[in-house]
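Report on the structure given below.
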Amino acid sequence: MNVVAALVVAITGLPALCVAAWYARYDDAHARGLALRWALMGLVILLGAVGLYFAGDSKGAATTVALVMVLAVNVLVVSTVLYMRRGRPGP
């Protein structure tokens, strides 16, 4: 069951990496900043999946990994929203 949970978490991190690749196609600084934030979200989720895998049957370790992952992703989401609100630089 632990392997399945880690695999599901890892799969849910892949769309964030796809969005990062999508934004990385554009050649302006704003798009690169968004791509970086999305890539970091995907990386945090994948690292959380690895942590869940290594936590094994320890409920305390799995809970700690999940909470740290959720906290890190939420911080990155707030960072992304604030970055998007700044908008693109003017001409």
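Every number in this text was worked out from the coordinates using simple rules, so none of it is lab data. Bear in mind that the values here come from a model prediction, so they are computed numbers and not experimental data. Every residue, glycine among them, receives a Cβ derived from its backbone with ideal geometry; neighbour counts consider all protein chains shown.
Residues considered: 51, 87. Of these, the only one that is surrounded by fewer than 11 Cβ atoms within 10 Å (Cβ to Cβ) and among the small types (Gly, Ala, Ser) is 87. Residues in the stretch 1-52 that are closer than 19 Å to residue 85 by Cα, assigned to a helix (DSSP H, G or I) and among the hydroxyl-bearing types (Ser, Thr, Tyr): 23 alone.
For the stretch 1-32, what are the residues that are surrounded by 15 or more Cβ atoms within 10 Å (Cβ to Cβ) and under 14 Å from the mean Cα position of the chain (by Cα)? Passing the criteria: 9, 10, 13, 16, 17, 19, 20.
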